Each structure stands twice: as C-alpha cells, then as structure tokens.
Amino acid sequence: MPDQSAWLIFLLICFNLQVSTVQGLPLAFSWPSFRTFGLPNIAPAFEVPTLTNLFNTIHATQQVPTPAVATVVPNPTTIVTNTPAAVSKTTTAPIVAPVPTTTAVAVPPPAPAAQSANTPAPANTPVTVNTPAPANTPAAANTPAPASTPAPANTPAPANTPAPANTPASANTPAPANTPAPVNTPAAVNTPAAANTPAANTPAANTPAANTPAANTPATTTQSAGVFAEYSGLRTVSSIATITVTVTTTGTINTVLPSTGQLTVAPFPNGTITSTTLPLTTLASNATAPSVIPAGSNIFVPIADAGGAPPPQFPSKGGHPVQGLGIVGGHSKPLGTNKFWANLVLQDQTLPVFTLPYSVHWVKGGSPTNSWGLGIEHTERSQAVFGAGNPAAYYTNPLGLDSIILSAAELSGTAVLTTDSLAAFSVNVNLANSASAAPLITFPLVQGMGMITGLYNAATVLIQSSIYFKQISPVAKVGSSYRWIVLLTDGHEWAIYLTPSDSVVPTLTLNTNGGSITGPQFSGLVQVAKLENDGEQVYYDTQVGAYAVSGNVSATATGQYSLSWSKKGDASKTLIMFALPHHVESFSSTTASQALNITLDTPTKGLARAVRSDGWSLVEQLPTSMGFAPWSPTFQNVSSIPSSALALISSTASTELAQDMIQQTNLNTAYFSGKALAKFAHLVYLAKDLLKNDGLAGAGVVNLEAAFDLWVQNTAATSLVYDSTWGGMVDPSGFTDANSDYGNAYYNDHMFHYGYFVYTAAVIAYVDPAWLTKGTNKAFVNSLLRDYANSVDDAQFPFSRNFDWYHGHSWAAGLFPSGDGKNLESSSEDTFASYAVKMWGKVTGDSNTEARGNLMLAVQARALHNYILYTSDNTVEPANWIGHKVSGIIFENKIDYTTFFGTNVEYIHGIHMIPIGSHSGLIRTSKFVGQEWAAFFDSGRADSVDPAWKGLLYANLALNDPKTAWSFFSAPNFDMTNLDGGASLSWYMTMAATLGGAS
C-alpha cells in the first residue's frame, strides 16, 4: 500500500491533468466501475500510469456476476433465474463506435434526502419469493463525497465495449412443445408441470448443458473499466455501496398455443365437386380499363373512390363482445385490432406488449414486487428456452423478469391502467389511482424506442426490480437532466435519467433490500435504457429529455420509403430508435451512417441495432414487372405456355372451369369461400391470356361474377356486417361464438380471408373492365381492402390493420389476448394478400395502391427470409433453429414449429406455401425451395404425405425444379385426390410448364 503522502501526490496529479481527447471525446481520469467489487477503501499499490496508458487503456480486474440462466424446474413449470457467484474477469477495451460530443458533468450529490439508503423499502415492495434477507449491507449507497471535492467535468465513460462473453446457454431442458397449460396464460408459479415434462437437470438431446455457450454466443470479449468516468479523485469505489442480496427470480414461459379463434382443420375447402356444361361466351369488346391515376410523392393516400361507409347492404352493428378496456381520450377514428399494444386493452391488461427490443407489462400488484407500475423487461438470446431436439421443437423467452419497474409511491390497489392515442406504431399508457383521477405517470410506448419514458405528474418516484438492484452510481448532470447507472444482481446495468420540469435537483436512494430505489415527488421525465456495454450511456445522454410519441411510414412508387417518429420534450435532441435486421439491410447510405455500435437482442427477430435519427430512409427493389401470369426473378412475367404443354393444360382448364362455382364458393365461411373464388380466378386469367381462349375466359368470368355477386349483395351463406365498435367488415355470427369463421369477428386472419376476394375481383376487372362500373362491385371490394390494408386512418377503417410496417409482415391474431404477443402462421397467405393489393390497384388505375402492394411484397420478401423462411446462411435466428427451414408459427415472443391444426411436416411447411401463385417466386426463392425440399421432401418423402397436401408440395417445387413438378402434374394417371379443394390442376401445370418444366 502507498503511504498517504504518496497517495495525495497521485491525486493532485490526477486533478491537474490537462483534458485529453480519445476519438473526439474529452476524457478525464477516473476510478474503475463499481463492477470492481470487494476492493478495500484504499486502492492497491500501482505505478502512476503514463498519459498514454491513462487515457487509452484503463485496466482493472473486475468481479462480474455471471449472467442469470433460465432453467426449467420439474414442478412447478416456471423458469427460475439463479444469480451465480461472481467470476473474475480482467478487461481492457477501447471506444469502438462514433461517440457523440455531448458529455455529462459529474456533480457532487446534494444534501442527503429525508429517506436514507438504510430506510426500509415501501410496504408494497416485498422481497422476491425465496430471497433471503439482505446480509452485510455496506455503507449507504448515496454517501456524499466530502464537500470540498471538486467535480471533474466533461468526462464521459468509454463506449460500446462488447459485453462479457461466455454467457451460458439456457440450461436444463425445457418442457416439450404443446405441453398443456391454461389457454393464452403463462404457466403460473407452483403449477404442476404437464405430462411428459422432462425431469429437472436432464439435458434434452443436443441441448447445450448449463454454462455451455449457446451457438450464437460471441467469443470472449473485453469490457471497459469505468462506467462512471465522470467521477475521479477522492470519489473512490469504496464510496459506492454494494447491496448484498441472494436472489432467486422466477419468470414464466408459455409452451402452448392459443386455441380460441384458430383454424383447427386443414386450410382446404372440401365437399363434392360437380360440373355443368359451360357454354362459351364472348364478352363485349368495347369495355375499357379505368384511367390511370399516377402515383404521388407519397403513396400513402386514400384509396381511389373508396371514401365513406361500406355499401348499404352491409348494415352497421354495434355491441362487439370485446369493447376494449380502459381506452380513454376519445377517438374519432377506428382503432387497430392487430397491433402490438392489443394486450393492454384485453383480458386483465397485464399481458406483455413487445415494443422491441424491450417488452413492458402492467405488474398490477403481482408478485414478487407487488408493484403497481410498468414492468420493463429485456431478455437475451442466452436466456431463451429451447424445446427438445436439434433443431429444437420451439424456442421461447421467459416473461416476468422485470429488470426495471417504473412506478410511483402513490399507486395502490385501486390503480387503473388506461390508454389513449392508440395508433399503428404507438400508444400512451396511463397509470392513476382511479379512472377519474389524472394520471400519475404516462408512458408513451413506440415500436423500436431506445429509451422507455415515464412522464411523472407530481408523483413520488419509485423504481423497482424483480431482479433486484446491487448498486447505484453517483449522479451525473447531463444538460438539464440527471443520470444514474444501476447494477442489477444479474450483472446488467441500466441507465436511469430524471429530467425535472423545475430547477429542483432530484435524488435517488437505493433501499437496503435491493428491491427498490426511491426518489422525490416529481414532475418531469424518468427515462431508462439498458447498457449492454460500458460507456453506452454517452449515446443516451444525447437523447435524454426527448422521447418518441408516434411513428409514420411514407413512400414513393420507386421503392424508397421512410419510417419516421414524432417526438416531444427537448426538440433539439435526436432520438435513438432500434432497427430490426431487415431494416438495417435496406438502409440508405445516409441512415446506415447514423447506426450506432449498440445492439440488443429481440425475442424472435435477432439483434436490433440502435440508430440515432428521427427518421430512417430505406430502399427496396420493387416487383413492378409482376402481373397475373406466373412470375419468377429469372423469367419475370411469362407470356405463353410451351407448345408441348398447351393441349393438356387447355383441356384440363376447360374441365375445371365447368365446375359449379357457386357450390364451391357459397360456404358458411368467408375463408374457404374466398379460396375457392381465387382458384377459379386463376383459371379465368389462364384462359384469357395464356390459353388465349376468349370464349372460355368469357364463360368462366360470367360464372365467376355470379358467384362473387352473392357476396357483393350480402346474400351468401356467410353474411357480413360493418362492426361500428372497431371499424371492420366481420361475420356477425362471431358476436355469439368467438370461434365462428376462425375468429373473423374478432379480427383474426382478415388478410387471409379478404385477400382472396380482392384478388378474385382484380381478375374479374381485368377480364371484364365493365364490371367495375356496375352496382356496388367496386365499393364492396374497396371496403374489404380498407378493412385489412387501408392506406390511411379514415372514419370507417384503421390504417393497415394487419400489415406491421415495423416488423415487415402482417399479424394474423386479432382481439384475443396472448402472453406471447401477436402471431403469424401463414407467410404465403400474408404475401398473397399484399399481391392482391397490388393487382387491385393495377386494374382500377390506382397507381398509389399498386405501389403500396409492390412495397409490401418487397418488404415482406426481405423480412420473411430473416425471420420465417430460412436458408442455411441465416444468421438472424438461432443455429439450432434454422434447420427447420420454416418457422411454423411465429409470435412476438416465441416461435413454435407446428400449426394450429396439426403437427405433420407437410402441414407446417405447406401452410407457408399456400396458395402457389405469381407472387410465390418472389417470396420463396429457388435457393430456399431447393434447400427445404432436400431437407424434408426429397427421396420419395413427398409421396408419403397426406394426399391433399401432395399437389401443393409439388407445385411449390416448380419454383426450383419445374421439370419434376411438370412430370408429376402431367402424368396420365394423375390422382385428383392429390389436390386440395382450393387448388387447380391446370394452374399448377401452368406454373410448372412456364417456369421451365415443359419444352
């Protein structure tokens, strides 16, 4: 140990050093982070470093807690997160990313608050279940420094050092998929495990054992030494107290699927097919296509000729069974039903909302914290729980591990949650003690937000954690804001910022049980962000005081689009928002230059990257050449059928067009009726343009118009009404039976249901343009289009009900609560619905709508290949997952390799193929189809599947191996039972022949 005089000389040297610059960032010397646990009050002896070493390499031995590991226990079916003993790690790291020029200024703490660090936690903050009482608590967390200690200025911490490596993989094999549990409700603590749950500590086949790095865990990395670079000199590590607490934190996983409002049978129409004599018909030749409305500078404008209410034959009906809980503020326009925030207005309002990369939920007095605040969770890939096998049966993420809970001491058992400003990208969440009281806290939630913001209204700051806090830093002043960094018992750090609306300097006090941090009665902003690596707070310093409140999408017809955000607070600050992998891939050069070296895991969408910008510019290659004909990136639109195949396809099409269309399309379900309508639409187009048989096309379109007219007039077996509660076209039978028509009245699957109708109408209008001007044909179709893909918020329908412009694909789930968030089972029907948008815009002359359809397809193609359709080079999803080649059902929080109607391999893959059409070649690339076929269906395996699926598998193969597909469909003894009720043999033959299968 140095003597005191040597120590004093060293300190004087430190305080008189000139400010140096590291990569453009003023830097002053500091003691190491409080991650340096267990050091004595006097620092160990060491030589006074040179300036070079002082400013470029701060070297320290740190005790870094091993990150918590999620493990499955046999009974109950909970995830238990154990905090292992700390491990020693010697770390050195430079700053590796562009560093903002804004710096924080260290300030001496104000006079101690009335409630000291040793004041017990509030009554409503009990210790987590199985958490022993704190022991050996060191000195108070906010022990003030000596009054004479000067505060070194402008000294941000080092930035963006990679996180510690050797993160253990999820351990102790989880329960297999489809384990029964309460519907849509995560398994509760102490609930016995379902049958077939593996015993505790029994690793599943190919599942990494505890403490084994997961497949995608980075190699060993280094870690910066000083999270509190603002503090130096006499403010030694010993002045930062460490709370000693042993924590066993329980989270929950949900391995079951929602069962309400789902398609539980194969997605094929069935019944006896009858045929009639089909007299050839010549259509009037004087009909002309509508005039073209050119695309504008922003294609998100109202759909042409689509204003007003649906046609009068569709009555308005109120009294929807789901009214939405706690929606306030008045809304003059309908609300989205399939948006990320839906859980906030459903069931008991406590299920999570996934803003990405964070998720939030209302704790509502729940254990272990008994908090009434908003829980904030971020899970890492190392915490994911994988089902048995390799690839795993499913993977999911634990819920209820609230790193931070933003609450107020005034909130109690009478607390209510309300929402307002519900929009496509955002929602406001309000917490108050009664429905009539002013909110104590308002949380603007926006997809991709980099900081979670609470607007406090004369509320006493109470910050809690189910993980428990270990340490809190001294305060640093950042402009008009104040920043603390907290260390949790899982080894992760979070930045907490308070921006007061007045000039009072706020204080935060870590309570001795580690479960809460208390602050003053406060009006202003409380903002938090997870710090994955040391020094990242300097980036969030540049945003603090500003916050996103809403999002917007705009685009041109050339493939350039933007995602932008409105903000409040300090307008001079720039937002930090997180981009998903498909965003990053399509960034313009300008936006790419604004990306930061900050990443956080998302539950199912890989690594999200922080971008410092109020808006992103993105570029996609649009499939503008795609029309009604078979299409591929290689062939583009085909214009003719090879002569060797023409006769066979012509005779087959004539037979199929003679089938009784009304019999197949007038069913007690919009979904199956729509699929059959689209089948005949493919045939009508085939007859007109590829067979060039106007008589056959004319006869077919006359019958198709008659079948479609039952739906236009609302006299079909399934009627529709306009739901005035949520603003949509629904089957009213669902008001008394939520499962009716697979949850249609609850807004399940609307893009699946109505996409088939819109496509059919586009073909009719293409073959018979005069049809558009008759009766309410166009108004009916526009009503369906506005229901699932509205271009704006209007008085009758919400903007973009199904398509999520942040995620890059649609969500099928509507007004059903789900602990794992929204889900999508069929990526192919999702993209077919977008293709229908494109083609309806084309035939009606609405270039803006056509361009939106093109953009939706391009964005989907990119997003699906990252998250749903996996080639072997996919690096977004886990290595022990992509072997499935398809996701199965993707949720916001988990992916399950299954379907809602069965677990056969052909079901799981086929639901992502159906329907095979012109759009398929864009979404399902030849490379992907070839790998999928080799993995699951080659060597005769496709011939042993459920017969109704065999035709679909071979039609899909035409995108990669059209010759084999053509041989299958053109066989003289072709078995018609190999076609489902929504499939056409002549269309499948046409796809195979025109893409290279026939000479």
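Within region 420-455, being in a strand (DSSP E or B) and farther than 24 Å from residue 614 by Cα holds for 430, 431, 432, 441. Considering region 317-347, the residues that are touching an Asp or Glu at 6+ places or on another chain (Cβ under 8 Å) and β-branched (Val, Ile, Thr) include one that is least open to solvent (accessible area, probe 1.4 Å), namely 327. One residue stands out in region 908-925 among those that are within 24 Å of the chain's Cα centre (by Cα) and either among the hydrophobic types (A, V, I, L, M, F, W, C) or surrounded by fewer than 23 Cβ atoms within 10 Å (Cβ to Cβ) (or both): the one that is nearest to residue 684 (Cα to Cα), namely 914.
Conditions tested, residue by residue: (1) of a type outside the set (Val, Ile, Thr); (2) buried (at least 19 other Cβ atoms within 10 Å of the Cβ); (3) closer than 23 Å to residue 585 by Cβ.
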residue	(1), (2), (3)
850	yes, yes, no
853	yes, yes, yes
862	yes, yes, yes
890	no, yes, yes
901	yes, no, no
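Applying a threshold of 7 Å to beta carbon distances and a minimum spacing of six or more residues, or different chains, the list of pairs starting in region 306-327 at a residue that is under 17 Å from residue 738 (Cβ atoms) and ending at one that is open to solvent by 50 Å² or more (accessible area, probe 1.4 Å) and in a loop (DSSP other than H, G, I, E, B) reads 317/724. Applying the criterion of being within 25 Å of residue 752 (Cβ to Cβ) and in contact with a helix residue (DSSP H, G or I) (Cβ under 6 Å, 6 or more places away or on another chain) to the residues of region 968-985, the residue that is most open to solvent (accessible area, probe 1.4 Å) is 977. Looking at region 698-721, can you tell me whether even one residue there is within 30 Å of residue 330 (Cβ to Cβ) and either assigned to a helix (DSSP H, G or I) or under 37 Å from the mean Cα position of the chain (by Cα) (or both)? Yes. Go through region 563-574 and give me each residue that's of a type outside the set (Phe, Trp, Tyr) and open to solvent by less than 30 Å² (accessible area, probe 1.4 Å). Within region 563-574, just 563 meets the criteria.
Of the strands (runs of 3 or more DSSP E) lying entirely inside region 581-676, not one contains at least 1 residues that are over 29 Å from the mean Cα position of the chain (by Cα). Within region 366-400, which residues are in contact (Cβ under 8 Å) with a residue 60 or more places away in the chain, part of a loop (DSSP other than H, G, I, E, B) and within 20 Å of residue 463 (Cα to Cα)? Result: 367, 368, 369, 370, 371, 372, 373, 378, 379, 400.
Between 415, 423, 393, the distinction of being surrounded by 21 or more Cβ atoms within 10 Å (Cβ to Cβ), under 30 Å from residue 898 (Cβ atoms) and touching a strand residue (DSSP E or B) at 6+ places or on another chain (Cβ under 9 Å) belongs to 393 only. Selection of region 790-804 for residues being open to solvent by less than 10 Å² (accessible area, probe 1.4 Å) and not acidic (Asp, Glu) yields 790, 791, 797, 798, 800, 801, 802, 803.
Residues of region 706-763 that are charged (D, E, K, R) and open to solvent by 30 Å² or more (accessible area, probe 1.4 Å): 709, 737. What about residue 965, is it open to solvent by less than 30 Å² (accessible area, probe 1.4 Å), of a type in the set (Gly, Ala, Ser) and either touching a residue at least 60 places away in the same chain (Cβ under 8 Å) or outside any helix (DSSP H, G or I) (or both)? Answer is no for this residue. When we screen 433, 397, 390, 457 for residues that are at pLDDT 95 or above, more than 24 Å from the chain's Cα centre (by Cα) and within 26 Å of residue 895 (Cα to Cα), the only hit is 390.
Filtering region 426-445 down to residues that are open to solvent by 10 Å² or more (accessible area, probe 1.4 Å) and of a type in the set (Ser, Thr, Tyr), which residue is nearest to residue 356 (Cα to Cα)? This residue is 442.
The residues of region 878-922 that are assigned to a loop (DSSP other than H, G, I, E, B) and within 25 Å of residue 342 (Cβ to Cβ), listed by number, are 887, 888, 892, 893, 897, 898, 899, 900, 901, 911, 912. Residues in region 483-515 that are in contact (Cβ under 8 Å) with a residue 60 or more places away in the chain, acidic (Asp, Glu) and more than 15 Å from residue 466 (Cβ to Cβ): 493 alone. For region 657-672, a residue qualifies if it is surrounded by 23 or more Cβ atoms within 10 Å (Cβ to Cβ) and in contact (Cβ under 8 Å) with a residue 60 or more places away in the chain, and the qualifying residues are 657, 664, 670, 671, 672. Could you tell me whether any residue of region 603-611 is open to solvent by less than 10 Å² (accessible area, probe 1.4 Å), out of contact with any Asp or Glu (no Cβ under 6 Å at 6 or more places or on another chain), in contact (Cβ under 8 Å) with a residue 40 or more places away in the chain and over 30 Å from residue 546 (Cβ atoms)? Taking every residue of region 603-611 in turn, none turns out to be open to solvent by less than 10 Å² (accessible area, probe 1.4 Å), out of contact with any Asp or Glu (no Cβ under 6 Å at 6 or more places or on another chain), in contact (Cβ under 8 Å) with a residue 40 or more places away in the chain and over 30 Å from residue 546 (Cβ atoms).
Of all residues in region 539-589, those being charged (D, E, K, R) and either more than 24 Å from residue 494 (Cα to Cα) or modelled with pLDDT under 95 (or both) number 1. Identify, by number, the condition in (1) under 24 Å from the mean Cα position of the chain (by Cα); (2) outside any strand (DSSP E or B) that residue 561 doesn't meet. Every condition holds for residue 561 apart from (2).
Taking first residues from region 911-925 that are at pLDDT below 95 and partners that are crowded, with 24+ Cβ neighbours inside 10 Å and of a type in the set (D, E, K, R), no Cβ contact under 8 Å between residues at least 6 apart in sequence or on separate chains turns up. Residues that are open to solvent by 20 Å² or more (accessible area, probe 1.4 Å) and of a type in the set (A, V, I, L, M, F, W, C) within region 526-562 comprise 549, 557, listed in sequence order. Against the conditions (1) within 16 Å of residue 686 (Cβ to Cβ); (2) at pLDDT below 95; (3) not in a loop (DSSP other than H, G, I, E, B), residue 982 satisfies every one except (3).
The values are calculated or read from the model by the stated rules, or taken from the named source; none is laboratory data. In this text, all values refer to a predicted model and were calculated from it rather than measured experimentally. Cβ coordinates were reconstructed from backbone atoms using ideal geometry, including for glycine residues, and neighbour counts include every protein chain displayed. When the accessible area is computed, the model is the full protein with side chains, heavy atoms only, and any ligands, DNA or RNA have been set aside. Shrake-Rupley method; radii C 1.70, N 1.55, O 1.52, S 1.80 Å.
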